[in-house]
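Notes to accompany the following structure.
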Amino acid sequence: MNLRLWRKKNNSDKPKQKKSRTREWVDAIVFAVVAATIIRVFFIEAYTIPSGSMERSLLVGDFLFVSKVNYGARVPMTPVAFPFAHHTMPLIDTKAYWDGVQWKYRRLPGLQDIKRNDIVVFNLPVGDTVAIENQEPSYYELVKEYGWKSINDQYTITSRPVDKRENIIKRCIGIAGDTVSSKHGIVSVNGKISVFSNTAQMPYRIRFKTADVNLKLLDDLGFKTGELIQLDERQYVANGTAEMAKELKKYDFVEEVSLEVKPETEEDDLFPNDKNYKWNIDNFGPVVIPKKGWTVKLDSLTMPMYYRAIRTYEGNKVEKKGNEWYINDKIAKSYTFKMNYYWMMGDNRHNSKDSRYWGFLPEDHVVGKALFIWLSLDSEASFFNKIRWSRLLKGIH
């Protein structure tokens, strides 16, 4: 008897059906999308500089790579989203995500903690539904600048989920637990003057000994002469760095070069938007940055400072009844923070909407650390000079 007649037919003996060309393309595209999404979410992501708030460190038209690994990748908080679209679908201008599913904030272990002077990409930490009635014009400009959508043009604004808000880039001036302040435009951290980056810009008042001066000198030194303000025949205000100012002072026809800052008596519409804090962009603080596990006493001075962090960022119900503050329906004399926070500022100090305007940056808003510039395009240059070759593959400090 031929035993092979009784042997079960092995499916592996069947010739494998060859995939169609269409199926091969679909499989390849799906694999590429999944792989690229994993890399973008957990490892590295491209980012473009949209404004001049970080000049001279970063220029409009710089394309960066942002590391998610350095500070630890943030697990998506809005997981159902269209691949490669941040919050809006191109062309059709509709939401690129579904906020019906929201996950709690989690972050994978990172290589390092955020340090002072790191350049950090993060989600704009404002935009929850808030009242804006009777706010100063500068507040409405902030709303317009970051593209918030109004549900009532006069009273409220609405926002996207945290991880779908605008990506912003600034320099970390203070970390959790630090005390930050500024006097006459000079920032101090923990009582010591913060080292002013050689790329950071401030307005300088320049007074010459004579009116007969070739202003090309300022341009050659790097001052932004396109934004030059003439005060009289011998005085100008120009944006530049401390190194530029130091170099300019060496010329014998220069009488004085000094920071052009606001007097302490002048007020701006700044964080924490309270009558007890009469601050401006050059004179503010001291501000104590919340740290995970730090307990703050709650009173009329501290509540304006930490109200938003306690309510909005840490998700508590906060109310004032009479002279008492209630957190989650219980009388609260103090509060212990659950997250670390940071103080962010732009290098172009007088042209940056940063922590001076919206306060503390919560750790759950952090996207990643800026690494290097992989491409830089000058929109105002001619076609053949559009690429800034000297900035390609340049590290960010």
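The values are calculated or read from the model by the stated rules, or taken from the named source; none is laboratory data. All values derive from a computational prediction rather than experimental measurement. Please note: Cβ atoms are built from the backbone with ideal geometry, for glycine as well, and neighbour counts cover all protein chains shown.
List of remarks:
- Total residues in segment 203-219 satisfying the condition of being more than 16 Å from Ser258 (Cα to Cα) and within 31 Å of the chain's Cα centre (by Cα): the figure is 1.
- For Lys224, the stated conditions hold: it is among the basic types (Lys, Arg), modelled with pLDDT under 90, surrounded by 15 or more Cβ atoms within 10 Å (Cβ to Cβ) and within 20 Å of Ala200 (Cβ to Cβ).
Residue-by-condition table, conditions (1) more than 26 Å from Ile373 (Cβ to Cβ); (2) at pLDDT 95 or above:
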{"site": "Phe122", "(1), (2)": "no, no"}
{"site": "Val126", "(1), (2)": "yes, no"}
{"site": "Pro137", "(1), (2)": "yes, no"}
{"site": "Leu142", "(1), (2)": "yes, no"}
{"site": "Gly147", "(1), (2)": "no, no"}
{"site": "Glu166", "(1), (2)": "no, no"}
{"site": "Ile175", "(1), (2)": "no, yes"}
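- Candidates Val287, Val257, Val261, filtered to the one that is part of a loop (DSSP other than H, G, I, E, B) and β-branched (Val, Ile, Thr): Val261
Every residue, every condition in (1) over 14 Å from the mean Cα position of the chain (by Cα); (2) crowded, with 17+ Cβ neighbours inside 10 Å; (3) of a type in the set (Asp, Glu); (4) not assigned by TED's automatic domain parsing to the domain that holds Val60, yes or no:
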| site | (1), (2), (3), (4) |
| --- | --- |
| Trp325 | yes, yes, no, yes |
| Arg356 | no, yes, no, no |
| Lys369 | no, yes, no, no |
| Leu377 | yes, no, no, no |
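- Qualifying residues in segment 234-245 (those that are under 13 Å from Glu255 (Cβ atoms) and surrounded by fewer than 17 Cβ atoms within 10 Å (Cβ to Cβ)) - the one nearest to the chain's Cα centre (by Cα): Gln235
Matching residues to (1) modelled with pLDDT of 85 or more; (2) hydrophobic (A, V, I, L, M, F, W, C); (3) surrounded by 15 or more Cβ atoms within 10 Å (Cβ to Cβ); (4) assigned by TED's automatic domain parsing to the domain that holds Arg171:
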residue: Met77; (1), (2), (3), (4): yes, yes, yes, yes
residue: Val101; (1), (2), (3), (4): yes, yes, no, yes
residue: Pro109; (1), (2), (3), (4): yes, no, no, yes
residue: Ile114; (1), (2), (3), (4): yes, yes, yes, yes
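- Flag for Lys338 being modelled with pLDDT of 95 or more, assigned to a loop (DSSP other than H, G, I, E, B) and more than 29 Å from Gly185 (Cα to Cα): yes
- Where a residue in segment 59-73 is in contact (Cβ under 8 Å) with a residue 12 or more places away in the chain and closer than 13 Å to Leu392 by Cβ and its partner, wherever it lies, is among the acidic types (Asp, Glu) and in a loop (DSSP other than H, G, I, E, B), with Cβ under 7 Å and at least six apart: Gly61/Asp378
- Residue list for segment 246-275, filter: more than 25 Å from Lys183 (Cβ to Cβ) and either surrounded by fewer than 12 Cβ atoms within 10 Å (Cβ to Cβ) or touching an Asp or Glu at 6+ places or on another chain (Cβ under 6 Å) (or both): Lys250, Asp252, Phe253
- With respect to being hydroxyl-bearing (Ser, Thr, Tyr), at pLDDT below 85 and out of contact with any Cys (no Cβ under 8 Å at 6 or more places or on another chain), Thr156 fits the description.
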